[in-house]
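Nothing in this text is a laboratory measurement; each read-out follows from the coordinates by a stated rule. This structure is a prediction, so every number in the text was calculated from the model and none was measured. Neighbour counts are summed over all protein chains in view; Cβ atoms, including those assigned to glycine, are modelled from backbone coordinates with ideal geometry.
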């Protein structure tokens with residue numbers, strides 16, 4: 001048998017990243033304590049390099065390589081670019097926070113880059129095995145990152161929970177995939193789709209497999225009733241890691257669902273639609289109601305994430321270009337808001353002090369009006385109040401769902417988001433209406449200040465001019 | 001367009017931009033700069049709005065000063081502005097009230113001055129946007145965005161129970177508007193992908209969707225007006241808000257609800273409006289009579305005026321759902337006049353509150369001995385609130401009552417009770433606060449109004465009297481539009 005060299009071009013960014021991770025690890029071993037920042041700069045450089053490579057190989061055509069296991073299309077490129085930007089922002093926001101907690105080491109950056117690689121593979125996978133590989137690479141890196149502060153008992157506990165439940169979810173996924181393989185005899189997403197379409201299959205096995213796959217996806221997307229791990233991990237992990245867990249992997253999760261459910265099992269749309277409706281409604285109910293009772297802001301944001309994921313699932317329920325692109329728009333908007341919110345939480349934390357309680361936001365307007373204004377934008381955006389981007393994301397998703405006739409779903413969604421508005425408003429109330437408990441000025445790096453300003457302005461500017469991001473989402477899906 | 005300039009955009013964005021500048025440059029160390037800048041900005045805001053009146057063609061019933069650009073293609077949303085005889089007076093009212101708010105808070109607000117003034121200016125622009133939007137998403141954006149500054153104003157500069165009032169205000173209004181959003185998205189699909197409000201007007205709809213749409217809109221607008229029984233947020237918000245906040249709330253924000261009925265409910269769901277008109281009239285009459293009685297029993301001046309607002313706004317919704325031209329025009333006049341009168345009443349209470357820090361009627365008495373000029377102004381506004389002929393309060397109420405008689409005698413009977421009730425609660429309060437011997441040592445220390453307050457009240461008194469004596473310029477503007485609306489409603493959409 002001849003050995004054919006596969007076409008490496010579509011996978012250049014992944015290959016580059018892998019090489020660079022090794023470089024980061026090695027440099028960190030060589031340089032001393034005082035030159036640790038090198039790892040930080042190298043990581044940023046890597047992301048920029050990946051972005052350049054992705055941009056140069058950008059084309060609206062679909063390229064498959066590695067015997068069709070790897071796919072490079074407009075959606076994967078756009079998602080990857082979003083991932084790079086998100087990870088870069090996460091690293092900048094985390095810089096001072098992790099330095100103050102002894103985590104500013106090569107491990108943090110190499111793990112973050114490995115996770116990024118996992119996400120890229122997930123986004124570009126067109127084979128059940130590649131999908132699983134990417135997912136595991138991401139998950140294992142995240143487990144390690146959560147446990148990075150090994151002296152902290154909460155962090156270790158969170159990592160344990162994350163690992164056990166994550167492994168369970170991966171097991172579900174694998175089991176489901178094996179059933180699909182049993183029914184169709186293929187693991188290529190496109191072939192699976194073809195075979196299902198031909199109709200010559202055992203439907204019962206396929207549907208059981210689908211149930212397991214949806215459950216696995218539910219775990220990864222924080223959808224209720226598979227959300228149990230999210231609040232504990234959000235709360236227990238160091239805030240920098242929480243930010244990482246809560247932001248970029250959602251973009252990859254979107255890609256994952258697109259590849260698995262839509263590319264692979266798109267023919268079964270009527271079957272998984274019903275399952276997703278249950279997941280979406282349960283997520284919104286649990287996310288919004290339980291968030292009200294939280295006093296820990298990280299935990300509150302975890303529940304808020306759960307409810308946001310309900311909206312993301314809405315886009316999948318609506319199906320079609322309109323639905324998927326709305327979903328992507330929602331994920332992008334959500335990632336932007338999460339970045340800002342956790343960025344501010346980290347700015348409020350100081351050495352030896354974790355800003356974790358909602359009451360830490362008291363009187364922020366008097367301590368730092370600009371930061372309070374940005375936080376207000378973020379909270380109102382999450383609550384879905386125009387002209388913030390969160391509203392247009394909700395509008396896009398709701399119109400997609402209503403377009404396929406689910407009027408009751410939209411009514412449920414808006415009623416629950418009314419409840420959600422309450423706990424976001426509570427933060428605004430604390431910042432603006434209450435007097436500060438601590439009067440220390442908020443010190444932070446210049447880069448963080450600039451980034452948080454850009455982030456806050458983006459939330460309102462992309463709301464006032466939503467066409468850019470909306471058009472990009474539509475383009476990504478259409479190709 | 002004036003000299004090729006997009007006038008409506010200017011009216012909307014000028015106050016917002018000035019507000020942002022005030023926010024950015026103002027600091028607590030230099031409040032005077034923020035004050036002057038806001039004053040100049042708001043007066044400019046009023047001046048640029050004047051051409052809307054002067055160049056308005058009252059004989060046309062279509063939209064004027066139209067601006068239409070694509071805003072975002074993906075959902076076919078347009079930046080579509082335009083005004084007709086219904087929205088133009090409301091925009092002018094808003095631009096007129098804004099400088100008065102700035103002056104009213106001149107010496108009173110000492111804490112975070114630039115944030116206070118910035119919030120008011122931004123809100124003024126946003127409200128103009130609500131009145132001028134002809135695209136549903138644009139409308140909704142402005143509509144919801146107006147909540148944010150008001151939320152902050154009540155919560156930061158309000159009274160002791162301000163947090164409760166602010167959150168109640170926000171969530172109550174949000175509840176109403178979210179269902180409206182669903183109705184708008186539904187219309188987007190029925191109209192094959194258009195968010196243009198004018199397209200919705202022409203859209204044929206079956207009875208069931210019409211009723212559902214009507215109910216969704218009703219919830220949004222009824223909360224805002226507010227109609228009985230969803231009025232309970234208003235007294236809380238009014239009592240806790242600072243004077244300027246109360247004035248804007250009563251004079252401007254309540255009108256958003258009334259405007260919504262005319263722009264959305266009636267023309268989009270005419271058959272449902274006809275079908276449910278009796279119910280709406282019933283709710284309005286309950287507001288007029290029952291809330292009037294509630295107002296009678298209030299111990300707190302601001303609460304009394306808040307309930308009187310609900311009662312007067314009941315007249316507005318009553319007028320709308322009579323579905324004749326006297327009713328609708330009367331209701332419109334009532335809206336404008338209520339904007340002046342309630343604003344002035346709250347300012348008067350603010351004048352007293354600034355001096356004694358109490359709103360309780362029982363804490364006052366014999367104020368006329370110490371503040372004769374103030375007592376005279378307060379008299380004018382109290383009489384206007386009671387609907388005395390010659391003041392603007394009379395015109396609207398009289399037109400609506402005339403319109404009601406054409407529909408049903410008993411409706412008119414109950415509607416006319418407002419003349420008795422309004423006079424009772426307003427004048428009784430006036431008597432207890434102003435007349436009699438000096439009640440206590442605190443009242444003894446009162447000083448009469450300053451030049452700033454005099455100017456403020458004089459401008460409003462002039463407006464109230466002018467509109468009462470010569471309302472023709474106002475009714476002339478809206479005649480064609482209202483006629484067109486009523487004609488539109490005679491064709492069934494079924």
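What the table below lists for this structure:
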quantity: Region B:259-343 - percent relative contact order, Cα under 8 Å, separation 6 or more; calculated: 27
quantity: Cα-based radius of gyration of region A:194-246 once divided by 2.2 N^0.38 Å, which approximates compact folds; calculated: 1.70
quantity: 15 Å reach of a label modelled at residue B:13, 7 Å along Cα-to-Cβ, counting backbone N of region B:43-77; calculated: B:67-72
quantity: Compactness relative to 2.2 N^0.38 Å, alpha carbon Rg of the protein assembly as shown; calculated: 1.02
quantity: Average beta carbon contacts from partner chains per residue of A:61-68, 10 Å cutoff; calculated: 0
quantity: Region A:70-135: translational diffusion in µm²/s, Stokes-Einstein, Kirkwood Rh over Cα pairs, 10 °C, 1.306 mPa s; calculated: 123
quantity: Packing-based order for B:426-435, B:448-457, using average beta carbon neighbours within 10 Å, highest first; calculated: B:426-435, B:448-457
quantity: Alpha carbon Rg of region B:287-493, scaled by the compact-globule rule 2.2 N^0.38 Å; calculated: 1.09
quantity: Between 0 and 90°, nearest 10: helix B:270-286 axis offset from chain B longest Cα axis; calculated: 20
quantity: FRET efficiency estimate (nearest 0.05) - Cβ-Cβ, residue A:58 to residue A:454, R0 22 angstrom; calculated: 0.40
quantity: Over 19 Å [Cα-Cα, region B:327-442], rounded percent; calculated: 50
quantity: Region B:345-494, relative contact order in percent, only Cα pairs under 8 angstrom and at least six apart counted; calculated: 37
quantity: Residues in region B:326-349 that a label on residue B:448 would reach, taking backbone N under 19 Å of a point 7 Å out along Cα→Cβ; calculated: B:348-349
quantity: Ratio Rg/Rh, restricted to chain B and using Cα atoms, in which Rh is the Kirkwood radius; calculated: 0.96
quantity: Contact order relative to length of region A:9-476, as percent, for alpha carbon pairs under 8 angstrom and 6 or more apart; calculated: 14
quantity: Approximate spin-label separation residue A:366-residue B:296, in nm, with each point projected 7 Å along Cα-to-Cβ; calculated: 4.6
quantity: Rounded, prolate or oblate (a/c below 1.5 giving rounded, otherwise prolate when a/b exceeds b/c) for region A:293-411 by Cα gyration tensor; calculated: prolate
quantity: Volume per residue of the C-alpha convex hull in region A:333-372, rounded to whole Å³; calculated: 76
quantity: Angle between chain B longest axis and helix B:113-132 axis [Cα atoms, degrees, rounded to 10]; calculated: 30
quantity: Overall Cα dimensions of region B:208-360 - principal axes, largest extent first, Å; calculated: 55, 24, 24
quantity: Overall Cα dimensions of region A:9-476 - principal axes, largest extent first, Å; calculated: 70, 57, 41
quantity: 37 °C / 0.692 mPa s Stokes-Einstein diffusion coefficient of region A:1-140, Kirkwood radius on C-alpha pairs, µm²/s; calculated: 209
quantity: Cα long-axis angle, helix B:301-320 against chain B (0 to 90 degrees, to the nearest 10); calculated: 30
quantity: Estimated FRET transfer efficiency when R0 is 30 angstrom, pair residue A:411-residue B:50 (beta carbons, to 0.05); calculated: 0.10
quantity: At R0 = 35 Å, FRET efficiency that the Cβ-Cβ distance of residue B:20 and residue B:476 yields, to 0.05; calculated: 0.45
quantity: Overall Cα dimensions of region B:1-105, principal axis frame, Å, largest first; calculated: 48, 36, 24
